[in-house]
1. Need a quick list: strands (runs of 3 or more DSSP E) entirely within the range 103-183 having at least 1 residues that are basic (Lys, Arg).
2. State the number of residues belonging to the range 109-138 that are of a type in the set (A, V, I, L, M) and under 15 Å from Glu67 (Cβ atoms).
3. Could you list, in sequence order, all residues of the range 40-75 that are in a strand (DSSP E or B), buried (at least 16 other Cβ atoms within 10 Å of the Cβ) and not polar (S, T, N, Q)?
4. Which condition breaks for Gly91 when tested against (1) touching a residue at least 40 places away in the same chain (Cβ under 8 Å); (2) small (Gly, Ala, Ser); (3) under 26 Å from Glu53 (Cβ atoms); (4) surrounded by fewer than 20 Cβ atoms within 10 Å (Cβ to Cβ)?
5. Please go through the range 131-161 and pick out each residue that is closer than 26 Å to Met57 by Cβ and open to solvent by 40 Å² or more (accessible area, probe 1.4 Å).
6. Collect the residues in the range 162-183 that are closer than 18 Å to Lys60 by Cα and of a type outside the set (S, T, N, Q), keeping them in residue-number order.
Amino acid sequence: MFDIVEKVGNICPKLTPRVETALQVKVSNDVTESMQQCFIDVFLMGIVGTAQEYLEMDTKINRNANELSMTKSKCRPDYLLMLNGQLVFKGEEKKAGDVRNIALELVDKMIPGSVGKDGKLEYLLGYATAGSRVLFECIYGDGKMSECSDILNLERVADRVSLLVIMINVVRVACALYNAKNQ
């Protein structure tokens, strides 16, 4: 299930410069929300973008886009990752605030009971940001969430490394969930 390296080979030569960029990018809370999204994109695209180049799946990344299979009409997640047309990971981002309250938007914008139904994954992975703070969540069919990480502060290098490891695992878990559901 978690054999991405065996399937795609050594992706380190492509991934290494992206990881280095993510570790070196200046993260600041005194910029607009759109600029803060650029910071998180360096991390997301470093991992997801590299995986997208190597996975044998239709991988689509989007921002502020309609997603009608699990998202209420007129609600748009700030970040979407789709595998073969199925939502597997999403994010909500704000310039400031309580990251746990922002995470509630992950379920507030969802069609109730849409996770795990009609061929969808057992659970959905997501994240929320409040400035430089990031929290990862697991969303279940009953609309409840479980925290999958500590609150990370991207101003700290150690937390940036943790974010990169989490993102690698998000891709691995999302692919495994998708493959298990569609075998």
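1. On the way: elements: 123-130, 133-140, 145-147.
Filter on the range 103-183 gives 133-140.
2. Here is the first cut: in the range 109-138, the residues of a type in the set (A, V, I, L, M) are 110-111, 115, 121, 124-125, 128, 130, 134-135.
Okay, now just the ones that are also under 15 Å from Glu67 (Cβ atoms), so 110-111, 115, 121, 124-125.
Number of matching residues: 6.
3. Result: Ile61, single match.
4. Failed condition: (4).
5. Our first condition is that a residue be closer than 26 Å to Met57 by Cβ; within the range 131-161, this holds for 134, 136-141, 145-146, 148-149.
Within the range 131-161, Tyr140, Met145, Ser146, Cys148 qualify.
6. Within the range 162-183, Met167, Ile168, Val170, Val171, Arg172, Val173, Ala174, Cys175, Ala176, Leu177, Tyr178 qualify.
The values are calculated or read from the model by the stated rules, or taken from the named source; none is laboratory data. Just so it is clear, the structure is predicted and the values come from calculations on it, not from any experiment. Every residue, glycine as well, gets a Cβ built from its backbone with ideal geometry; the counts of neighbours run over all protein chains shown. Ligands, DNA and RNA are excluded from the accessible area calculation, which covers all protein heavy atoms including side chains. Shrake-Rupley method; radii C 1.70, N 1.55, O 1.52, S 1.80 Å.
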